[in-house]
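**Q** Quick one: this structure, given as structure tokens, is what I'll be asking you about.
The values are calculated or read from the model by the stated rules, or taken from the named source; none is laboratory data. Since the model is a prediction, treat every value here as computed from it, not as a measurement. Note: ideal-geometry Cβ built from the backbone for every residue, glycine included; neighbour counts use all protein chains shown. SASA here: full protein model, heavy atoms, side chains in, ligands and nucleic acids out. Shrake-Rupley method; radii C 1.70, N 1.55, O 1.52, S 1.80 Å.
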Amino acid sequence: MKMNKIFLTTAILFATGTAHAEVQGTADIAVTGSINGANTCSIAVDGGGALDAGVHDIADLVSTGDLISEFKEFNATVNCTFPTVIAVKYTSSLPQPTASHELGIYQTSSGKTAAHLYAATSTMSVPTAGGADQAYAAIGDQDLTTISTASTLTPAASGNPISGVIGDVKNIYTVIDTANNPIAATSFMLPFALGVWNNDTSTGWLDDIAGTTFSLSSTVTLELHSL
């Protein structure tokens, strides 16, 4: 019987102790974040991405070469799942030019260059990253895996040519901040301009197209890279 009294006393003391515990306050920690299965970036060009170079009579051409289409401004929009450094390479369905200021060349049946595509960074607006104004940098088609937010690049001037020559420094562009470092963002606006120029007629290319219609149809592709 003595053993039973001892167990009873212990149980009573334990119950009395928990009854006196009081909650004095609480503090919460918010847990945020997400798990992304893959980073997805997309690119689109406004206005359907069309440039109408028009129809031109050879008698109206400037013999030394001139712009024969409007020099049209475009905006490319890039959206990514999460902040990413991006670069854009511009290519043409036309043969690769030898001049670094040309994106592609229109050749006659005998191989004479009759006209060329000219592309450049916009003179009217600057690229944006996350909605903030930034700048372009031309990075060429070097090993893009070497480019990161720690890279220091040279800003490209307004109206800087976009080259179709493989290996030219103006072949690929990225967006940089005021410290000249590439920017990681989820959204970009990339303004650029495109036009068609006829070439100097002294090469005799007009003779190649006499009595025919010379097509100025081509396609410009913006190839998006995530770095």
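**Q** Tell me, what % of the accessible area of the chain is carbon and sulfur with a 1.4 angstrom probe?
**A** 55 percent
**Q** For the residue pair SER42 and ALA179, what label-to-label distance in nm results when each label sits 7 Å from Cα along the Cα-to-beta-carbon direction?
**A** 3.2 nm
**Q** Using a simple charge model, +1 on the beta-carbon of Lys and Arg, -1 on the beta-carbon of Asp and Glu, nothing else, what dipole does the chain show about its Cα centre, in debye to the nearest 20?
**A** Roughly 1500 debye, rounded to the nearest 20.
**Q** FRET efficiency for SER226 and LEU67, Cβ-Cβ distance as r, R0 = 41 Å, nearest 0.05?
**A** 0.75
**Q** Find how many whole Å separate the alpha carbon centroid of segment 94-170 from the alpha carbon centroid of segment 37-68.
**A** 15 Å
**Q** So, one more: Extending each Cα 7 Å along its Cβ direction at PHE214 and SER187, get the distance between those two points in nm, one decimal.
**A** The modelled label-to-label distance comes out at 4.4 nm.
**Q** With a cut-off of 14 Å, note down the residues of segment 113-130 whose backbone N falls inside the zone around a label point 7 Å from the Cα of THR98 toward its beta carbon.
**A** Hits in segment 113-130 for THR98 at 14 Å: 113-114.
**Q** Between SER202 and ASN79, how many nm apart are label points set 7 Å from Cα along the C-beta direction?
**A** Result for the modelled spin labels: 5.2 nm.
**Q** Collect residues whose amide H, placed 1.01 Å from N in the peptide plane, falls under 5 Å from the amide H of THR186; neighbours closer than 5 in sequence don't count.
**A** So THR186 has HN proximity to THR84, GLY130.
**Q** Next question, about the same structure. Which peptide among 166-172, 215-221 comes first, and what is the full order, when sorted by highest mean count of other Cβ atoms within 10 Å?
**A** 166-172, 215-221
**Q** Short version: ³J(HN,Hα) in whole Hz for each residue of segment 64-74, in order, from phi by Karplus 6.51 cos²θ - 1.76 cosθ + 1.60 (θ = phi - 60°), x for Gly and Pro, what are they?
**A** With the stated coefficients, segment 64-74 comes to 8, x, 6, 5, 10, 10, 5, 8, 8, 8, 10 Hz.
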